[in-house]
Every structure is written in C-alpha cells, then in structure tokens.
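Worksheet for the structure shown next.
The values are calculated or read from the model by the stated rules, or taken from the named source; none is laboratory data. Everything quoted here is computed from the prediction, not taken from an experiment. Neighbour counts run over all protein chains shown; Cβ positions are idealised from the backbone, glycine included.
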Protein chains: 2
Amino acid sequence: MKRIAYLGPQGTYAEEATFTLFPEDFVSLPHPSIQGTLRALAKGEADFAVVPIENSIEGTVSATLDSLWVLPQLQVFKALVLPIRHCLITQEPSIETIRTVFSHPQALAQCQGWLEEHLGAIPCVPTASTVEALQKISSGVAVVASTRAAELYNLPILHAGINDAPDNCTRFWLVGPPGQSLAQPTRTSIGFSLHNNRAGALHDALTHFAIRNINLAKLESRPTKKVIGEYLFFADLEGDADQNPLKEALEELWASVEKLKILGTYPILALPQA
Amino acid sequence: MKRIAYLGPQGTYAEEATFTLFPEDFVSLPHPSIQGTLRALAKGEADFAVVPIENSIEGTVSATLDSLWVLPQLQVFKALVLPIRHCLITQEPSIETIRTVFSHPQALAQCQGWLEEHLGAIPCVPTASTVEALQKISSGVAVVASTRAAELYNLPILHAGINDAPDNCTRFWLVGPPGQSLAQPTRTSIGFSLHNNRAGALHDALTHFAIRNINLAKLESRPTKKVIGEYLFFADLEGDADQNPLKEALEELWASVEKLKILGTYPILALPQA
C-alpha cells in the first residue's frame with residue numbers, strides 16, 4: 001500500500017484531495033505543517049505528498065513554494081483543483097442562539113459576508129486550526145469547517161456552502177520522488193533566481209516565453225530570506241517541459257539565470273463544484 | 001492630535017512602527033485586522049494608517065495589497081523598514097524548566113532553529129496572536145514575542161534576539177488620504193490588471209519599464225478572487241511617479257492595461273538593526 005503524507009489533521013481539504021487522488025487504500029500520514037509533509041517525502045518516509053498550492057481567494061500558499069525550492073529531488077506529478085465548501089457547524093437548533101464563531105482566520109475571511117449578514121456583530125474568534133475550533137463546540141458556539149470535518153467529529157451542520165465566493169476552490173499538488181509523468185503534461189511549474197537585481201533582468205527572463213507565444217499562467221515573487229528586496233520567482237507555464245517550444249525556452253532560460261529548478265511538468269485535474 | 005490606525009493590539013511591531021513614524025503624541029487606534037485598519041482610514045475615522053507590507057522571511061502581506069486595491073482614495077506616503085527582534089519571554093529562571101512554547105505561527109517559524117537547538121523537542125503551540133500567547137504565561141511556559149510586548153505586559157525576557165535570521169525585518173507602509181508627498185519619493189508601488197490572460201501580456205506590460213532601464217524592485221501576482229488562474233499584479237518600481245522616465249512609462253502602461261492603480265510614490269526610511 002502507498003504511504004501518502006498530507007497536510008492534516010483529519011478533516012482538512014488536503015485530506016479530501018488525498019482521497020480523490022488515491023481512491024484505493026493507502027497508508028494515511030497526516031502532518032501538522034506543509035514543511036513537515038514535504039520533508040517526510042524527502043526523507044523517504046512517504047511515497048507521495050499532497051499539499052495545497054493555491055486558493056482562488058487567498059492566493060499562493062507560500063510555504064509550499066518555499067519548501068519545494070529548498071528540498072532536493074521532489075517533483076510535482078499532478079494538480080487537482082478542489083471546490084471548497086465551508087459549513088456552519090453547531091449544536092444550536094438555529095442561528096438565533098449562536099453567540100460566538102470560531103475558525104481558522106482564512107475560513108472566517110472567506111465567509112465574512114455571510115457571517116455579517118446572518119449573525120450580525122457577534123464575535124468571530126480566530127483559532128490556530130479548524131480542529132482547534134471544533135474542540136470549542138459547546139452551548140452558543142458555532143464553527144466554520146468542511147462537511148468532512150463535521151462528519152469526522154460527528155457534529156451537526158446548520159448551514160452548508162456559506163462561503164461568499166461560490167466558486168471558491170483550492171489547487172493541490174501531488175508531489176513525489178523524480179520519475180515518469182503520470183499522464184500528458186499540460187502545465188509546467190518552475191522556480192528561478194536572477195544573477196542580480198538589475199533593471200530588466202526579470203523582463204529578459206520572460207522574453208524566452210513571450211517570443212514563443214508560451215502562456216505565463218502565473219508569476220510569483222518570494223523573498224530570498226537573505227536581504228529584504230531580493231527575490232526568487234516562481235512561474236507556471238502552459239505546456240510540457242519535454243516538448244518544444246517550452247523545452248527550448250527552458251534551455252535558454254537555464255543559460256541566463258542564476259539557478260533554475262523545474263518543480264514539475266504535469267496534468268491538471270479539475271473537480272466540478274458539488 | 002493626529003488619529004493613527006494600526007494593526008494592533010498593543011505590543012505589535014506595527015505599533016512600534018507607529019511610534020517611530022509619529023514621535024509626537026497621537027491618538028492610538030489599534031485594530032485587530034489589516035482590513036479593519038485600512039477601512040477605518042477609508043471611512044475617515046483615522047488620519048493615517050500603519051500596516052505591514054512585507055517581511056524579509058515571510059514575504060508580502062497579501063491582506064495589505066488586497067485592501068489597497070479595493071478601497072478607494074488611499075495613498076502610501078512612506079515606507080519604514082523595521083528590524084524584527086524576537087524574545088523568549090518566560091517566568092522560568094532558565095530554559096531547563098520550560099515545557100511548552102506558545103506564539104503566532106510566523107514568530108515560531110522565524111525562531112525554529114534557535115528553539116530546536118536550545119529547547120529540543122518540547123512542543124511549540126501556535127496561537128492566533130502573540131497577545132493570546134502572552135495570556136498563557138504560567139509555570140513551565142514560554143512565549144516568543146517582541147521586547148515591547150514583554151514591557152507592556154510586564155513580563156521577564158530570558159533571551160533576546162532569538163530569530164534565526166539576524167537581519168529579519170519588516171517593511172511597513174504609512175497610508176493616508178490623497179495629498180502631497182511628504183518627501184522626495186524614491187519608490188513607486190502600483191497594481192494593475194491585464195485585459196486577458198493572453199501569452200506575453202505581462203511581458204508586454206513590463207516592457208515599458210525595461211526599455212527605460214527602470215528597476216522593477218518587486219513583482220507579485222494576486223488572485224482576482226473571481227476565477228482560479230486569473231491574477232492582478234503588484235509592482236514596486238524605483239523612482240518618482242511624477243518624474244520622467246517613470247512618469248512616461250506609467251502613462252504608456254495606463255493605455256495598455258485594463259486597470260492601473262498607483263498605490264503611492266514615497267520615500268523609504270530604514271532603521272538600523274538594534
């Protein structure tokens with residue numbers, strides 16, 4: 001059976017992504033942090049890892065990019081876009097008797113409009129994790145979490161789908177040790193650092209793709225963590241890294257940057273909204 | 001007296017930045033979130049706001065960019081780079097008797113190496129804020145927070161400067177209603193959205209700066225929050241937006257993008273490491 005590390009604990013959307021990617025049985029290895037999840041894979045304690053890379057509201061999950069940049073020998077095999085559906089979990093029979101809402105700050109932010117409209121000015125208290133919030137369930141308390149979390153902790157859902165953006169979704173990456181692509185790649189993710197901060201260096205790097213009409217689906221800067229104002233760049237490009245024109249563009253980029261890391265070339269799997 | 005909104009509560013680095021920017025007396029308006037801080041300014045409840053925009057380790061503070069993009073009529077007047085110096089706060093006489101460490105996840109992450117080396121495998125428990133961590137101070141407990149937080153809550157510092165990166169610093173923005181620049185601007189921050197996701201659109205946008213040798217100090221993509229894979233871009237450019245060559249480049253950019261917002265053109269103030 002395959003050992004799958006994922007961002008836990010039980011009931012997270014990363015766990016839901018793991019079940020979708022591995023419908024057969026697997027050994028479940030939940031980790032409390034993204035760094036820990038990917039480190040377990042790098043150390044050979046797991047065969048694959050499932051981590052979030054981007055949410056449609058919150059943007060890039062920086063910890064995933066930062067870890068993949070420093071950890072050696074890891075490869076993205078697949079992207080999975082999962083719809084996010086937050087629920088109001090409470091033992092109260094109606095919203096009138098709710099006095100406090102607990103959840104992770106991101107979940108609270110994503111439901112802010114709904115909560116203000118239906119619950120008014122009652123306090124929304126941030127917790128370090130959704131699971132910590134669920135432990136606070138008692139009289140007058142509600143928690144924002146997933147359907148799966150409610151099922152796992154055997155708690156009633158009062159309202160489902162309370163996120164303000166109905167098409168809220170999160171992209172997850174399936175990461176493994178280097179190997180053959182699982183299916184025809186349509187997307188390639190890279191990280192690179194430039195020789196210096198000179199004017200136009202980033203523009204020059206992007207020229208290799210622009211002149212070949214290769215779509216830059218995403219571009220992100222991250223601090224080098226050495227000096228404030230020095231950056232690495234992460235880009236998502238349309239196409240297969242082993243086929244032209246992308247292959248040729250990457251070879252040219254390789255010659256012009258300080259360091260280039262191809263994080264993976266992979267297919268994207270999208271799940272319809274429930 | 002000026003009314004200054006800042007990311008609170010008391011004892012945060014944002015408060016320290018506020019005291020540095022306003023050495024004279026001011027009316028202190030701490031807010032629990034960045035959105036709330038900037039909204040108070042937009043509603044006229046404050047004369048200025050002080051918010052973090054970037055940390056040398058954690059990268060951009062997305063909430064600041066997202067709020068400035070949607071709130072009308074706000075302008076960045078000054079950037080302040082503040083050294084960050086985390087302390088181990090505890091009532092224990094030595095590290096031998098510490099059994100648990102509480103703090104905000106970012107502060108724990110920034111001291112991870114020091115904590116592992118000096119405290120070994122004892123649990124580091126994330127809290128929603130540094131202040132929540134300080135409320136947990138009791139026998140066997142330590143908290144990672146600022147010198148100022150220790151002073152405010154009258155708690156003893158066992159070790160100062162425990163952050164792994166000694167030159168850890170955070171950039172804050174002083175934001176106000178539109179008006180005259182306070183001093184000679186050296187940096188200009190903009191946000192823009194592109195007409196479509198066509199190949200090369202971002203490259204074309206950057207060309208206006210590259211051909212004029214204008215340094216792009218930073219580039220960040222943020223989700224439009226509508227569809228996953230659609231982005232806004234935020235850029236920091238060297239120079240004064242009201243002087244050539246930047247003035248001319250921005251006029252050209254204006255004509256080629258869907259929306260352009262000049263967040264501010266301002267001087268940067270850097271404080272030496274303590």
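Structural remarks
- Scanning the stretch B:94-108 for residues that are under 17 Å from B:Gly59 (Cβ atoms) and surrounded by fewer than 18 Cβ atoms within 10 Å (Cβ to Cβ) turns up B:Pro105, B:Gln106.
- Per the listing A:Ser33, A:Ser28, the residue uniquely among the hydroxyl-bearing types (Ser, Thr, Tyr), over 18 Å from A:Pro267 (Cα atoms), touching an Asp or Glu at 6+ places or on another chain (Cβ under 9 Å) and surrounded by fewer than 18 Cβ atoms within 10 Å (Cβ to Cβ) is A:Ser28.
- A:Ala133 vs. criteria assigned to a helix (DSSP H, G or I) and out of contact with any His (no Cβ under 9 Å at 6 or more places or on another chain): no
- Within the stretch B:208-226, tally of residues that are at the interface with chain A (Cβ under 7 Å from one of its Cβ atoms) and part of a loop (DSSP other than H, G, I, E, B): 4
- For the stretch A:17-56, taking the residues that are charged (D, E, K, R) and over 22 Å from A:Pro83 (Cα atoms), the one that is nearest to the chain's Cα centre (by Cα) is identified as A:Arg39.
- Across the stretch A:227-245, a minimum of one residue is classified as at positive phi, out of contact with any helix residue (DSSP H, G or I) (no Cβ under 8 Å at 6 or more places or on another chain) and either surrounded by fewer than 16 Cβ atoms within 10 Å (Cβ to Cβ) or not assigned by TED's automatic domain parsing to the domain that holds A:Asn55 (or both).
- Answer from A:Lys226, A:Lys218 - the residue that is within 24 Å of the chain's Cα centre (by Cα) and of a type in the set (Lys, Arg): A:Lys218
- Residue match in the stretch A:180-199 (condition: outside any loop (DSSP other than H, G, I, E, B), under 20 Å from B:Ile214 (Cα atoms), at pLDDT below 90 and among the hydrophobic types (A, V, I, L, M, F, W, C)): no
- Test: B:Leu80 is outside any helix (DSSP H, G or I), within 14 Å of chain A (Cβ to nearest Cβ), in contact with a strand residue (DSSP E or B) (Cβ under 6 Å, 6 or more places away or on another chain) and touching a residue at least 24 places away in the same chain (Cβ under 8 Å): yes
- The stretch A:119-170 - residue that is over 17 Å from A:Glu16 (Cβ atoms) and of a type in the set (Ser, Thr, Tyr) and, of those, farthest from the chain's Cα centre (by Cα): A:Ser139
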